[in-house]
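See below for the structure under consideration.
The values are calculated or read from the model by the stated rules, or taken from the named source; none is laboratory data. Quantities reported herein were computed from a predicted structural model and do not represent experimental measurements. With ideal geometry, Cβ positions are generated from the backbone for all residues, glycine too; neighbour counts draw on all protein chains shown. Areas reflect the complete protein model, heavy atoms only, side chains present, ligands, DNA and RNA absent. Shrake-Rupley method; radii C 1.70, N 1.55, O 1.52, S 1.80 Å.
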Amino acid sequence: MMMTSDWVFILDEAEALCEMIVSSEPAMALQQAYDAVYSDSQIVEAIYAFNRMKEQYEDVQRFGKYHPDYHTIMKSIRQQKRALDLNEKVSALKIAENDFQDLLDEISLLVGKTVSEAVKVPVSNPFFASGSSCGGGCGSGGSCSCSA
């Protein structure tokens, strides 16, 4: 592919957009929340313990209720998940992740609709799904508006 001045302009604009995203308020909040969680050794240890328990949980899922430690592991993973969810720093990180994802979804919709109204842009937030041609379509069980 030949590099034309149009491509150079597009790449410059994409780089500028990336810089704006990285320096945005949701990105800064996400970085601060991430640093707060992963600088706390107790939370980090709880996350690692939860990840180890998830491995056991996946093993239990293969056998279901017939696994000898089914009830113990199921109860333990729920307790660990709840403890992590109730932690203020972890919940702030989840909120920051969702806010940043909303920003990315909104940008994706704007860029996609600028290119063409027919561009399908998948989004994670149902609020943005109404602006996306992918919301409630073929794969989600809704009524499909595509002509595939």
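For a Förster distance of 25 Å, can you work out the FRET efficiency between the beta-carbons of Glu45 and Leu86, rounded to the nearest 0.05? Step by step, r from the Cβ atoms, then E = 0.95. Between Glu25 and Gln56, residue separation times 0.36 nm minus the direct Cα-Cα distance comes to 7.4 nm. Spacing of the modelled spin labels on Asn98 and Gln32, each 7 Å from Cα toward Cβ, amounts to 1.9 nm.
Here Lys81 is the anchor, and the lysines within straight C-alpha reach of less than 21 Å, apart from those fewer than 8 places off in the same chain, are Lys54, Lys65, Lys89, Lys94. When a 1.4 Å probe is rolled over the protein heavy atoms, the share of accessible surface on segment 3-116 that falls to carbon and sulfur comes to 57 percent.
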